[in-house]
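Shown next, in structure tokens, is the structure this report addresses.
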Amino acid sequence: MANLKELKNRIASVTATRKITKAMQMVAAAKLRRAQEAATAARPYAERMDKVLGNLASSIADPKGASKYLVGTGKDDTHLLIVMTSERGLCGGFNSSIAKIARTRAQQLLSDGKTVKILTVGRKGADALRREFGELFIDEIGFKGIKRLNFSHAEGVANMITTMFEEGGFDVATIFFAQFQSVISQVPTELQLIPAKIKENAQDKKQDDGAAYEYEPDEGIVLDYLLKRNIGTQIFRGLLENAASEQGARMSAMDNATRNAGEMIDKLTITYNRQRQANITKELIEIISGAEAL
């Protein structure tokens with residue numbers, strides 16, 4: 001059994017750790033509100049983009065002549081997986097859950113004989129996948145030190161992806177991120193970017209207001225532009241969803257860590273008091289025994 005000094009040092013160490021986890025919980029709670037508002041505000045734009053794309057896609061007379069961002073290259077031999085995670089850890093299973101679905105998808109594609117390329121956005125995703133799929137990495141993008149993400153960051157990633165696609169670097173592109181639902185719930189999500197997945201209920205000739213729209217100069221040209229724009233939009237949405245999910249997961253993880261530290265301190269304190277009491281009793285017995293011997 002540990003002596004009193006060791007127990008006292010351990011109690012002090014756990015107490016200091018509890019202060020850190022409590023502070024991190026409060027910081028995450030403060031950041032969560034702003035990140036949640038940003039993620040929530042981006043959803044209507046992304047949803048409206050889906051509806052506009054669906055409206056335009058249904059208007060194309062000859063689907064074979066449509067943009068390859070919509071119909072693809074005609075094959076699916078090479079897949080690009082964009083794995084979006086955080087730059088920092090200590091946020092529970094947030095990063096590992098995203099890496100898990102990306103790993104499962106990569107293994108499935110490789111078993112089917114497909115060529116897989118991986119682009120990571122965020123250091124933790126790269127760390128989680130490098131050991132198994134390091135030879136498949138084409139680039140690692142990090143936003144360390146950036147306090148607030150904006151559309152220009154997503155646009156830079158989108159430009160890299162579209163350039164690769166135009167050069168024939170891949171046939172299908174998919175992003176992986178966590179959709180924020182609540183502090184205790186972040187849903188790992190897989191979304192195909194290229195060719196764009198148009199929701200069936202979005203392919204309606206009329207918009208929600210019941211009006212039919214005409215596009216100039218040409219529906220095909222507008223659709224091609226919006227499909228490219230949609231890549232940046234969905235990546236930005238994924239970054240914002242990840243930011244909110246990260247803070248929610250960190251807040252929950254640090255709350256659990258603070259509670260566990262408190263329980264450990266209570267147990268160590270009980271052990272310390274029992275050991276101290278046993279030492280005092282032993283000393284009293286020795287003193288009494290010595291007095292009786294005289």
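Overview of results
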| item | result |
| --- | --- |
| Between the range 165-200 and the range 219-294, the alpha-carbon center distance in angstrom | 31 Å |
| Of the trypsin sites (Lys or Arg not before Pro) in the range 23-120, those whose Cβ has at most 10 other Cβ within 10 Å and which sit in DSSP loop | 75 |
| Carbon + sulfur, % of accessible area of the chain - ligands and nucleic acids excluded, 1.4 Å | 52 percent |
| Kirkwood Rh in Å, taken over the chain so that all alpha-carbon pairs contribute | 22.5 Å |
| Per residue accessible area of the chain, 1.4 Å probe, in Å² | 56 Å² |
| Over the range 53-198: Rg over Rh, Cα atoms, Kirkwood Rh | 0.99 |
| With Cα atoms, 0 to 90° folded angle of helix 151-166 axis to the chain main axis | 60 degrees |
| Packing-based ranking, highest mean first, of 163-176, 244-257 given that Cβ atoms within 10 Å are counted | 244-257, 163-176 |
| Cα-based helix-to-principal-axis angle, 4-59 vs the chain, degrees rounded to 10 | 10 degrees |
| Against the rule of thumb 2.2 N^0.38 Å, how large the Cα Rg of the range 113-203 comes out | 1.22 |
| Degrees, to the nearest 10: 219-293 long Cα axis against longest axis of the chain | 10 degrees |
| Over the chain: helical MRE at 222 nm, DSSP H runs n ≥ 4 each giving -39500 (n - 2.57), nearest 500 | -22000 deg cm²/dmol |
| Residue 171 long-range amide H proximity, modeled H, under 5 Å | 78, 79, 80 |
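The values are calculated or read from the model by the stated rules, or taken from the named source; none is laboratory data. This structure is a prediction, so every number in the text was calculated from the model and none was measured. Glycine gets a Cβ as well: all are built from the backbone with ideal geometry, and neighbour counts include every protein chain shown. When the accessible area is computed, the model is the full protein with side chains, heavy atoms only, and any ligands, DNA or RNA have been set aside. Shrake-Rupley method; radii C 1.70, N 1.55, O 1.52, S 1.80 Å.
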